[in-house]
Amino acid sequence: MKTIRVIIVLILLSPALVWAQANKYTAAMQKSLETLKSAKTADEMLAVANQFERIANAERTEWLPLYYASYANLLGGIITTDNMKKDPLFDKAMKGVKDAAAISADNSEIYTLLGYITFMKMTVDPQSRAMQMIGPANEALAKAKALDPLNPRPDLVSGQNTFYTPEAFGGGKERAKPLLETAMAKYEKFQAGDPVSPDWGKERCRALLEMCK
Amino acid sequence: MKFLSVLIILMASFGADAQTIVSGTVKTSKGKAVRGANISISNSYDGGSSDSLGFFRFPTNEQGKVVLQFSSVGFNTDSLIVELVDGALSLNLVLREEISELNAVVITAGTFEAGDAKKGLVLNSLDVATTAGAEADVFAALQTLPGTQTAFSENGLFVRGGSAAETKTYFDGLLVKNPFNTQLPDLASRGRFSPFLFKGTTFSSGGYSAQYGQALSSALILESKDLPEKTTTGISLMTVGGGLDHAQRFKNSSLSLGGSYINLKPAFSLFKQRTNWDKEPEQYGGIIQYKLKTSETGIIKIYSEYGRSTVSLFTENLDSLNKQDYFSNRNKNFYVNSTYQDFVGNKWKVQSGISYSNTSDDGLFDTDEYERADRLLQGRVTVTNFTGSLSSVKFGAEAAAFTREESLNSLKRHYTDESVAAFAEGDVYFTTRLVARFGLRLERSSYLGMFNLAPRTSLAYKTGRYSQISLAYGRFFQNPEDGYLIQSKDLGFEQAEHYILNYQFIGEGQVFRVEGFYKDYRNLVKAAGSTFNNSGDGYAGGFDLFWRDKKTFKGLDYWISYSYLDTKRNFRDYPALSVPPFAAKHTLNIVYKQYVAKIRSQVGATYTYSTGRTYFNPGSSEFLGDRTKSFQNFSINLSYLTNVFRQFTVVYLSVNNVPGFKNVYGYHFSDNGSIRRPIGSTARRNFFVGMFVTIGDDKFVR
C-alpha cells in the first residue's frame, strides 16, 4: 500500500520535477541575458560568456547557451583593442558556434553568427585574410537568409559588414543602406519565439541606418 | 513515515538550504594571474569567472563530492574533485598553457613562410601583385626579400651566392623543371605561374626540409588554392596583350579555363629599345584547372597549361662589327600536375601527386638550327602522422624520369636520368618553446650511378611572446646542370652544407628578422675544354636583415631588406677561387605600399640598390677582378579600384626605373679584348597599363 502511495506521489511529482528543471534553465538563461545586456567591457563579456558556457556544459542538448557564449565571446573580441587578443576570442566564438550547429543543424541564427564571426576575424588582418574569409562569411549569411527569410539578423550583419567595408572594395554607406532597410523592415515584424530566443540587433540596425543618412 | 521522507528528499532537491562559498585564485604554472578563467561545478550552472588578479568567488548549493572544472582561452581545461560542505572552500588553481599553433615555436631558420591565412606571413599573392617593379611576377617580388640577388640578365633566383640552377621551384610538392619562360640573350624572363594560383608561398633561402631535394641553395614551395568561392569570369586588357578566364563553381568541384595572348611589340615601340628586335616577344597560352572536394578534408587538384612563344632579335657581333648575330626562338611548354590529399582518420594525412612537363625550344643561332627538349615525369607520395598535439612525423618517396634532347643542325645528343628518393622527417616539440626537426633524405640517380644521403636538422627556441631564435644545419645535393650532364656521364652530385642562425620578432603588424649563414660548397662541376669533373668548390657567408611594418602608419605598409654577401667559388671554367658575377656584396630593397582611400587606389614604390658585380675582362690580369658600378632602380605602381558596368575592376599602372638610372649588368668583350659593350635592360624605362575586370563578383578581386 505504502509503495503504491510512493509511486503515485512520484508520478504526480515527476512533471513538476521536469518543469522545475526547465524553469531553472530558463531562469538561468534569462539572468545571463540580463547580464549580457549590461556588459560593457571585454572582461564583463568574458564573464557572461563563461556563464553561458556553464549552462551549456550542464545542458548538452541545448544550442542556445552555446550560441550566446559564442556571441558574448564575439562581442568581447570586438571590444578588445589588442589585436593579438582578438584572434583567440574569435576562435573560441567560432568553436562555440560550430558546437551549437552540431546540436541544431540548419539554424538561421547560428549561420548568422557564423557569418558575423568570420567577417570579424577577417578584419583583424584584412590585407592577408580578406581573400580567404570574405567568401565564407557571405556564404554563411546567404544560408542564414535562405533558412529563415523572416530573420532580420542576417540582413543586419550583411548590412553592417558592407557598412564597414571600404567603398572601393564593394562596401560603403550607400551599398549598406538598402540591406539595413530590409533588416529594419524585418525587425518591425519579428517576434522572438520565447524569452530566451535570439532577439538582438534592432537598436544596432537603427544606429547604423542613422549613420547612413 | 516513509512517504514523508521521500517527499522531504524530493523537496530538498528543489531547496536551497546548504550553501558553500567557493573562492580562490587561478594562475599559470609560473604564478601569473589568469583573468577571465571559467570555474564551474560540472553538471550545474554554478560557477564564476576570475578577475584581473586571478581571483574568483561564487556560491553554490551543490553538496558532497563534485567535479570542479576550470578553463581559459589559451589554456588546457583542467578539473579536480572537491567535497562541498557548508561554509567556505578556498582553492589555488593552476592552468597550463595550451599548446597550439598560435603560441608554439615554429622552425624559421632560412624560411619565409607566406601562407595567406597564417600569422606572421611575409608575402602573400596580393603582395606579389602590388609590389612595384615586380609586375605580378612571383620571382621578381621575391627579389625584394633578403638573401636574394637582383637578377637582371639571367633567369632565376640567385640566393646567397648560389647560381640560378641552385634554386628549385615546387608546385604542390612536385619539382617544376622549367618555371621560367625561355631565357633570351642577356634578358631575364618572367616566371610562368600567376601568383593568384597560390594560397601559400614558402621561400627558403637555406636549411630547408628533407622533403625537398635537388637544390643546393634555395627552395620555392608553392601551394595552390583550393576551390574558388564562386563562379566568375575575368577579363584582362593590357598594353602587352589580353586574357580571358572563367571559373565555374559546382557544389563540390570547380572547373577553370583561361587563355591569354601577349605581344610586346606595341609597348616596345613606344620606348626606344636598345635591343634590335626582329620580332618582339609574342606568346599565347591556355590553362585548365579542375578541383574536386572528395570529403571535408580531401581534395583533388588538376592543373594543366600549354603555351607557345616566339621571339627573334639581332645582337652585335663584337668580333666583326659589320655583321650582326641573329637569334630566334620558338618555345612550346606543356605542364600538367595532379595531386590528391586527405586525412585517413585523425592522425594520418596522405598527399600524393604526379606531374609531367614537356618543354621544347627551337630556332636559329645565326644560320645554325638548334633544338632542345626537356621532359620530366614524376610521382610523389607523402604520409604524415600527427602523433602529439603538435609533433609530427613525415615519410615520403619520389620517383622521376627526366630526358633532355639537344640538336645542332644534324648533330644530336641526349641523356636520360631516372631518379628515386625517400625521406623521413620528424618535428619534435619538447615544450611549446622548444622544437627540433630531424630529417634524412636519400636519393639515387641512375645516370650518375650514385646515391647520396642528406641529413637536415633545425632547432627553434621561443625566447619571448613574439621572438625566437633558430638554428639549422643541412647537407644538400643536386645533379650537375643538364648542359654538363648531356656531355659527360662521369660526374657526381654537387654538394652544399648550410649553417644558419636566425633571430625573429613577429609582433602585431611588425616583423623583424636577422639571419647569419655560412655555406660550404663541394664537388661543383669544373670544365676544362670538353672534360668535366667534380673538383670545384666554394663558400658563401653573410647575413640578412628584414623589417616589415604595417602598424606604425595607418594604412601604410613597408619593408626594408638588406643582404650582405661574401662569396667566392671555383667552378665551371674558373681558373681560381673568384667572386661570381651573380653575387653583389650589398643589396638593399625598400618596398612601400599604401592604400589611399581618397583616390581609391593602392600606390606602391620599390627602391633597389646593389653594389657592383664582377665581370670577365680578357684584358685584366685577375679573372673576374673588375666590377661594374653599383645598380639602382626606383619603380612605382598604382592600382585604381573601380567598377566597370558594375563589375569589380582594377586599373593598374606601373613605371619601371622612373629616374632612368643607367644600369650596367656586365660587359661583353670581343675575343681580342679591344671592344667592350655594356649589357643593360632593353629600354631605360618601362611602363605598363592594364585593366582587370572580374564579372560575377562586385565585392572583391580574386
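The values are calculated or read from the model by the stated rules, or taken from the named source; none is laboratory data. All values reported here derive from a predicted model rather than from experimental measurement. Note that we place each Cβ from the backbone using ideal geometry, even for glycine, and neighbour counts take in every protein chain shown.
Which of the following residues is within 12 Å of another protein chain (Cβ to nearest Cβ) and over 25 Å from residue B:601 (Cα atoms): A:102, A:142? Steps first, answer last, please.
Details: A:102 fails: within 12 Å of another protein chain (Cβ to nearest Cβ).
Being within 12 Å of another protein chain (Cβ to nearest Cβ) and over 25 Å from residue B:601 (Cα atoms) holds for just one of A:102, A:142, which is A:142.
Taken over the stretch B:41-56, the criterion of being facing another protein chain (nearest Cβ under 9 Å), assigned to a strand (DSSP E or B) and within 16 Å of residue B:27 (Cα to Cα) is satisfied by B:48, B:49.
Of the residues that sit in the stretch B:383-436 and are β-branched (Val, Ile, Thr) and within 23 Å of the chain's Cα centre (by Cα), which one is farthest from residue B:482 (Cα to Cα)?
Filtering the stretch B:383-436 for residues β-branched (Val, Ile, Thr) gives B:383-384, B:387, B:393, B:403, B:416, B:420, B:428, B:431-432, B:435.
Next, from what is left, pick out any that are within 23 Å of the chain's Cα centre (by Cα): B:383-384, B:393, B:435.
Details: B:383: 31, B:384: 33, B:393: 34, B:435: 38 Å.
Per the stated criteria, the residue is B:435.
Within the stretch A:161-173, the presence of a residue that is more than 14 Å from chain B (Cβ to nearest Cβ) and either part of a helix (DSSP H, G or I) or within 16 Å of the chain's Cα centre (by Cα) (or both) is excluded. Among the strands (runs of 3 or more DSSP E) confined to the stretch B:203-284, the ones with at least 1 residues that are among the hydroxyl-bearing types (Ser, Thr, Tyr) and surrounded by 18 or more Cβ atoms within 10 Å (Cβ to Cβ) are located at B:218-224, B:232-238, B:253-263. Scanning the stretch A:50-79 for residues that are among the hydrophobic types (A, V, I, L, M, F, W, C) and at the interface with chain B (Cβ under 8 Å from one of its Cβ atoms), we see that the one that is nearest to the chain's Cα centre (by Cα) is A:55. Inspection of the stretch B:57-73 finds a residue satisfying the criterion of being modelled with pLDDT of 90 or more, within 8 Å of chain A (Cβ to nearest Cβ) and part of a strand (DSSP E or B).
Scanning the stretch A:206-213 turns up one or more residues that are farther than 30 Å from residue B:640 by Cβ, crowded, with 17+ Cβ neighbours inside 10 Å and modelled with pLDDT of 90 or more.
Does residue A:134 qualify as being in contact (Cβ under 8 Å) with a residue 12 or more places away in the chain, more than 14 Å from every other protein chain (Cβ to nearest Cβ) and either over 15 Å from the mean Cα position of the chain (by Cα) or not in a loop (DSSP other than H, G, I, E, B) (or both)?
Details: in contact (Cβ under 8 Å) with a residue 12 or more places away in the chain: yes; more than 14 Å from every other protein chain (Cβ to nearest Cβ): no; either over 15 Å from the mean Cα position of the chain (by Cα) or not in a loop (DSSP other than H, G, I, E, B) (or both): yes.
So residue A:134 fails the test.
Mind listing whichever residues of the stretch B:300-320 are polar (S, T, N, Q) and free of Cβ contacts under 8 Å to residues at least 60 places away in the same chain? Walk me through it before giving the result.
Filtering the stretch B:300-320 for residues polar (S, T, N, Q) gives B:304, B:309-310, B:312, B:315, B:317, B:320.
Selection gives B:304, B:310, B:312, B:317, B:320.
Going through B:167, B:201 one at a time, which residue ends up being closer than 18 Å to residue B:143 by Cα, in the same structural domain as residue B:419 (by TED's automatic domain parsing) and modelled with pLDDT of 90 or more? Reasoning before the result, please.
Working: B:201 fails: modelled with pLDDT of 90 or more.
B:167 is the lone residue from the list that is closer than 18 Å to residue B:143 by Cα, in the same structural domain as residue B:419 (by TED's automatic domain parsing) and modelled with pLDDT of 90 or more.
Looking across the stretch B:464-495, the residues that are modelled with pLDDT of 90 or more and assigned to a loop (DSSP other than H, G, I, E, B) come down to B:479, B:480, B:481, B:486, B:487, B:488, B:489, B:490, B:491, B:492, B:493. Once the stretch B:639-668 is narrowed to residues that are assigned to a loop (DSSP other than H, G, I, E, B) and of a type in the set (S, T, N, Q), the residue that is farthest from the chain's Cα centre (by Cα) is B:663.
For the stretch A:141-189, a tally of residues being buried (at least 17 other Cβ atoms within 10 Å of the Cβ), under 19 Å from residue A:209 (Cα atoms) and of a type in the set (A, V, I, L, M, F, W, C) returns 8. On the given criteria, is residue B:137 charged (D, E, K, R), surrounded by 22 or more Cβ atoms within 10 Å (Cβ to Cβ) and closer than 26 Å to residue B:332 by Cβ? Taking the combined requirement at face value, the residue satisfies it.
Every residue, every condition in (1) within 20 Å of residue B:208 (Cα to Cα); (2) touching a helix residue (DSSP H, G or I) at 6+ places or on another chain (Cβ under 9 Å); (3) touching a residue at least 40 places away in the same chain (Cβ under 8 Å), yes or no:
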residue: B:430; (1), (2), (3): no, no, no
residue: B:447; (1), (2), (3): no, yes, yes
residue: B:452; (1), (2), (3): yes, no, yes
residue: B:471; (1), (2), (3): yes, no, yes
residue: B:478; (1), (2), (3): yes, yes, yes
residue: B:493; (1), (2), (3): yes, no, yes
residue: B:506; (1), (2), (3): no, no, yes
residue: B:509; (1), (2), (3): no, yes, yes
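Within the stretch B:589-600, take every residue that is closer than 15 Å to residue A:165 by Cα and part of a strand (DSSP E or B) and give me the one that is nearest to the other protein chains (Cβ to nearest Cβ). Here the answer is B:595.
Evaluate the stretch B:569-588: report whether one residue or more is out of contact with any Cys (no Cβ under 7 Å at 6 or more places or on another chain) and either closer than 23 Å to residue B:129 by Cα or within 14 Å of chain A (Cβ to nearest Cβ) (or both). Lay out the reasoning, then the answer.
Initial filter on the stretch B:569-588 (out of contact with any Cys (no Cβ under 7 Å at 6 or more places or on another chain)): B:569-588.
Checking which are either closer than 23 Å to residue B:129 by Cα or within 14 Å of chain A (Cβ to nearest Cβ) (or both) leaves us with B:587-588.
Yes, because at least one residue in the stretch B:569-588 is out of contact with any Cys (no Cβ under 7 Å at 6 or more places or on another chain) and either closer than 23 Å to residue B:129 by Cα or within 14 Å of chain A (Cβ to nearest Cβ) (or both).
Taking the options B:167, B:182, B:202, B:150, name whichever one is out of contact with any Phe, Trp or Tyr (no Cβ under 8 Å at 6 or more places or on another chain), at negative phi and not small (Gly, Ala, Ser). Reasoning before the result, please.
Working: B:167 fails: out of contact with any Phe, Trp or Tyr (no Cβ under 8 Å at 6 or more places or on another chain); B:202 fails: out of contact with any Phe, Trp or Tyr (no Cβ under 8 Å at 6 or more places or on another chain); B:150 fails: out of contact with any Phe, Trp or Tyr (no Cβ under 8 Å at 6 or more places or on another chain).
Criteria check complete, one pass: B:182.
Residue B:506: part of a strand (DSSP E or B), within 14 Å of chain A (Cβ to nearest Cβ) and buried (at least 20 other Cβ atoms within 10 Å of the Cβ), yes or no? Can you show your working first?
Values: part of a strand (DSSP E or B): yes; within 14 Å of chain A (Cβ to nearest Cβ): yes; buried (at least 20 other Cβ atoms within 10 Å of the Cβ): yes.
Judged against the criteria, residue B:506 is a match.
Considering each residue of the stretch B:554-585, count those that are more than 23 Å from the chain's Cα centre (by Cα) and assigned to a strand (DSSP E or B), and give that number.
Final tally of qualifying residues: 8.
Look through the stretch B:1-35, keep the residues that are small (Gly, Ala, Ser) and at pLDDT 90 or above, and return whichever of them is nearest to residue B:65 (Cα to Cα). Give the derivation first.
If we filter the stretch B:1-35 for residues that are small (Gly, Ala, Ser), which is where we start, we get B:5, B:12-13, B:15-16, B:18, B:23-24, B:29, B:31, B:33.
Right, trim to at pLDDT 90 or above and you get B:23-24, B:33.
Details: B:23: 17, B:24: 18, B:33: 27 Å.
Out of the qualifying residues, it is B:23.
One line per residue, one yes/no per condition, for (1) in the same structural domain as residue B:474 (by TED's automatic domain parsing); (2) surrounded by fewer than 16 Cβ atoms within 10 Å (Cβ to Cβ); (3) without any contact (Cβ under 8 Å) to a residue 40 or more places away in the chain:
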| position | (1), (2), (3) |
| --- | --- |
| B:513 | yes, no, no |
| B:517 | yes, no, no |
| B:521 | yes, no, no |
| B:535 | yes, yes, yes |
| B:538 | yes, no, no |
| B:541 | yes, no, yes |
| B:550 | yes, no, no |
| B:561 | yes, no, no |
| B:569 | yes, no, no |
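The listed residues are A:37, A:85, and the only one of them that is surrounded by fewer than 18 Cβ atoms within 10 Å (Cβ to Cβ) and under 20 Å from residue A:118 (Cβ atoms) turns out to be A:85. Filtering A:124, A:97 for residues that are within 24 Å of residue A:50 (Cβ to Cβ), crowded, with 22+ Cβ neighbours inside 10 Å and hydrophobic (A, V, I, L, M, F, W, C) leaves a single hit, A:97. Restricting the stretch B:608-638 to residues that are assigned to a strand (DSSP E or B) and of a type in the set (Ser, Thr, Tyr) leaves a set whose member that is surrounded by the fewest Cβ atoms within 10 Å (Cβ to Cβ) is B:609. The single residue among B:327, B:334 that is within 25 Å of residue B:671 (Cα to Cα) and in the same structural domain as residue B:198 (by TED's automatic domain parsing) turns out to be B:327.
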